[in-house]
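The values are calculated or read from the model by the stated rules, or taken from the named source; none is laboratory data. Predicted, not measured: the structure shown is a model, and the values here were computed from it. Here the Cβ positions follow ideal geometry from the backbone for every residue, glycine too, while neighbour counts run over all protein chains shown. The accessibility values were calculated without ligands, DNA or RNA, using every heavy atom of the protein model including side chains. Shrake-Rupley method; radii C 1.70, N 1.55, O 1.52, S 1.80 Å.
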Amino acid sequence: MNAQSAQLYPAHLAVLRERADRALALGGFDHLLVAAGTPPGKFLDDQDYPFVANPHFMHWLPLTDAPGSWIAYTPGSKPKLVFVQPRDYWHVVPEAPHGYWVEHFDIVTVRSAEEAVAQLPKGRSAVLASACPTIDGVAANNPQAVLDCLHWHRSCKTPYELELMREASRIGARAHRAAEAAFRAGESEFGIHLAYLAAAGQIDAELPYASIVGLNEHGAVLHYMHFDRTPPAAHRSFLIDAGASCAGYASDITRTYAANGHGEFQALIASMDTAQQGFVAKVRAGQSYPELHIHAHHVIAGVLREHGFIRMSAESAVESGVTSAFFPHGLGHSIGLQVHDVAGFQQDERGGSIPRPAGHPYLRMTRVLEPGMVVTIEPGLYFIDMLLAGLRDRPVAADIDWAKVDAFRPYGGIRIEDDVACTGGLPENLTRDAFAAAG
């Protein structure tokens, strides 16, 4: 964590206290209790899955390894951290709290979850915690009014949060550079993944999501997570969708590469990269995200036409659903403490939902952009057999060059993804800035 984060933290905490005050007032509660959570146990086993802290807990402080701990906040009072540091020789015990944030909390260290619960205030409390497993001594209620308010405002990141997201992007960009080098060296998907982890300095459980590392046709599987151990006979293309974490904040980055000698596919990547940067430029305050998604379909239709895949107009390609066969997912989503961050569809701080546009069921965000929001911009163009088969029996098939499509099927597809902050002016591309810094 850099010095900039330390300087920005007090103002961040002040914003969180104001938001909590408002949320508690809307819900009619006196206290906010936030559980870090505990790792879920494996079925019929004495082992646990990796621990992932409650994002509401990590919003208050950069503490990602504190199972069983709690934050207790009462308006007008200093927030309290009840920190569980068990007596345990089977596992590594979480080290005592330290760092730039500790002076802003009343910290009580206890030895068990039961002792932690005893330290929590009594009365009307909004308890933000996982409903499973049951927490002895206190009931998780996750009041909707409180969650709606907190989620709505969490969509807009504080300067402190943006600094942590920049660092997550820098880590991710460094690891992406290593992954590309491994691809160029002829590594397997598994070997590329290991190179990524080594460069990031993070193990799988520390990444914000499971990495997608797809060579050749595997780039057409949107959530490909197989990791072939043996390199293919020939490297034609490489799609990697992988991020990194910093104090619980995520980066989400996708890049697609052509092997040397595959100029036509490289030209298609270049056209998609140009299109993607055009979408990034539109991440401005007041921009409707669904309208940007529909605009992306029209631009990608132009790319399909430019490269000879279709002969119809861009308008016809979008209206007939042809572009949805080549670009079947949404343009992106909100990102922050969660990869697919909260309140992407929310109407206002009191809840409600903004529907997706008809014909676009996988869009993950329908809000109008505001300063402080961070969204991904990740257009794709794929050659997915199942979706293309649905076009072959329709009248539009006559306007598709199937020989051209078949020639590109061995490359799988293209996705290019950046994390972009909406500001009061020009957008800040966290991802491109991080790649520039990585060299």
Problem - Some residue of the stretch 45-65 being assigned to a strand (DSSP E or B) and either touching a strand residue (DSSP E or B) at 6+ places or on another chain (Cβ under 6 Å) or buried (at least 22 other Cβ atoms within 10 Å of the Cβ) (or both) - result: yes
Handout entry: Lone unmet requirement of (1) within 21 Å of the chain's Cα centre (by Cα); (2) at pLDDT 95 or above; (3) open to solvent by 50 Å² or more (accessible area, probe 1.4 Å) for A403
Key = (1)
Practice task
Determine the pairs where a residue that is within 19 Å of T74 (Cβ to Cβ), located within the stretch 93-112, has a partner that is part of a loop (DSSP other than H, G, I, E, B) with Cβ atoms under 6 Å apart, the partner being 6 or more residues away or on another chain.
Solution key: W101/L61; F105/P79; D106/K78; I107/P97; V108/Q119
Completion exercise
Counted residues in the stretch 227-252 being out of contact with any strand residue (DSSP E or B) (no Cβ under 6 Å at 6 or more places or on another chain) and either among the aliphatic types (A, V, I, L, M) or modelled with pLDDT under 95 (or both) come to 6
Handout entry: Residue satisfying all of: in the stretch 205-241; in contact with a Phe, Trp or Tyr (Cβ under 6 Å, 6 or more places away or on another chain) and outside any loop (DSSP other than H, G, I, E, B); nearest to Y382 (Cα to Cα) among these
Key = A220
Handout entry: P10 being at pLDDT 90 or above and under 23 Å from A247 (Cβ atoms)
Key = yes
Exercise for the section: Return yes when L33 is closer than 27 Å to A343 by Cα and part of a helix (DSSP H, G or I) and no when it is not. Expected result: no
Practice task
Considering only the stretch 243-270, state which residues are in a helix (DSSP H, G or I) and open to solvent by less than 20 Å² (accessible area, probe 1.4 Å).
Solution key: F265, L268, I269
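Please tell me if L391 is more than 21 Å from the chain's Cα centre (by Cα) and either assigned to a loop (DSSP other than H, G, I, E, B) or of a type outside the set (F, W, Y) (or both).
Yes; evaluated as a whole, the condition is true for this residue.
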Problem - Evaluation of I71 against (1) touching a strand residue (DSSP E or B) at 6+ places or on another chain (Cβ under 6 Å); (2) open to solvent by less than 30 Å² (accessible area, probe 1.4 Å); (3) in contact (Cβ under 8 Å) with a residue 40 or more places away in the chain (one fails), failing number - result: (3)
Problem - Any helices (runs of 4 or more DSSP H) falling wholly within the stretch 86-204 and containing at least 3 residues that are crowded, with 21+ Cβ neighbours inside 10 Å - result: 144-154, 159-184, 189-200
Practice task
Within the stretch 358-376, identify whether any single residue is surrounded by 17 or more Cβ atoms within 10 Å (Cβ to Cβ), at pLDDT 95 or above, of a type in the set (D, E) and within 19 Å of the chain's Cα centre (by Cα), and answer yes or no.
Solution key: no
